[in-house]
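Novice: Handing you this structure, nothing more for now.
The values are calculated or read from the model by the stated rules, or taken from the named source; none is laboratory data. Computed from a predicted structure; not experimentally measured. Ideal geometry is used to build each Cβ from the backbone, glycine not excepted, and the neighbour counts take in all protein chains shown. Side chains are part of the model used for accessible areas, which takes the heavy atoms of the whole protein and leaves out ligands, DNA and RNA. Shrake-Rupley method; radii C 1.70, N 1.55, O 1.52, S 1.80 Å.
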Amino acid sequence: MAIPNLIVAVIAGQAIMTFAGIQHPELPLLLQLDPVAVSHGQWYRLITWVIVPDTSRLGLIFAIFWFWFLWIIGKTLEQEWGAFPCTLYLLLGIALPSLGSMLLWYYFGISLVQTGLYFSLSLQLAFAAVAPEFSLYLFFFLPVKMRWLGWLIGAWLLFHALSGGAVGAADVAFGVG
């Protein structure tokens, strides 16, 4: 079962959370995936963490450009892969970090809090694989090909996985899995 334009729902949720987070800065903390809170009955966090954007620190203008870029990524992936594989990719991108965080909490007592960071990075890596020649203009004049951005993201993820020990490796593995 394919859900066409699923990325639009994610973008809409992130946009709402961005604007709501400006008015109520504590709101994103109530929706991020926190295994302790989930174990206390806040089951909605297993899904809502994906709409907690990592754009709040960078400002509203950056957030608007980010949503536009995310829409391009989603549209390109759906055109390239088709609606069903894209839906499956997005849903697994939500389910794996949720499952991983809960398993680490349940079996090891490690609380791995998730926001939309790794979800976004996995989308960017997929986009870099599908459209490596796409140019992203940093500061509106410095062109960077997605291929190089993908390598940079991959290097950052590898560094985070290696420097974070077992928890960092699990965080990256479940987040980008």
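Novice: Are there any helices (runs of 4 or more DSSP H) wholly within the stretch 4-84 with 2 or more residues that are aliphatic (A, V, I, L, M) and either modelled with pLDDT under 90 or open to solvent by less than 20 Å² (accessible area, probe 1.4 Å) (or both), and if so which?
Specialist: In the stretch 4-84, 6-23, 27-31, 35-39, 60-81 are the helices (runs of 4 or more DSSP H) which contain 2 or more residues that are aliphatic (A, V, I, L, M) and either modelled with pLDDT under 90 or open to solvent by less than 20 Å² (accessible area, probe 1.4 Å) (or both).
Novice: Does the stretch 108-122 hold any residues that are within 13 Å of ASP171 (Cα to Cα), open to solvent by 10 Å² or more (accessible area, probe 1.4 Å), not hydrophobic (A, V, I, L, M, F, W, C) and not in a helix (DSSP H, G or I), and which are they?
Specialist: SER111, THR115
Novice: Taking the conditions exactly as written (touching a residue at least 12 places away in the same chain (Cβ under 8 Å) and out of contact with any Pro (no Cβ under 6 Å at 6 or more places or on another chain)), does LEU142 satisfy them or not?
Specialist: Answer is no for this residue.
Novice: Across the stretch 123-153, what is the total count of residues that are among the aromatic types (Phe, Trp, Tyr), in a helix (DSSP H, G or I) and surrounded by 16 or more Cβ atoms within 10 Å (Cβ to Cβ)?
Specialist: The number of residues fulfilling the criteria is 1.
Novice: Suppose we filter TRP105, TRP156 for residues that are of a type in the set (Phe, Trp, Tyr), free of Cβ contacts under 8 Å to residues at least 60 places away in the same chain and either under 29 Å from PRO4 (Cα atoms) or part of a helix (DSSP H, G or I) (or both); which single one remains?
Specialist: Going through TRP105, TRP156 in turn, just one is of a type in the set (Phe, Trp, Tyr), free of Cβ contacts under 8 Å to residues at least 60 places away in the same chain and either under 29 Å from PRO4 (Cα atoms) or part of a helix (DSSP H, G or I) (or both): TRP156.
Novice: Taking the condition free of Cβ contacts under 8 Å to residues at least 24 places away in the same chain, out of contact with any Cys (no Cβ under 9 Å at 6 or more places or on another chain), closer than 26 Å to SER111 by Cβ and open to solvent by less than 30 Å² (accessible area, probe 1.4 Å), does ALA95 pass?
Specialist: Judged against the criteria, ALA95 is not a match.
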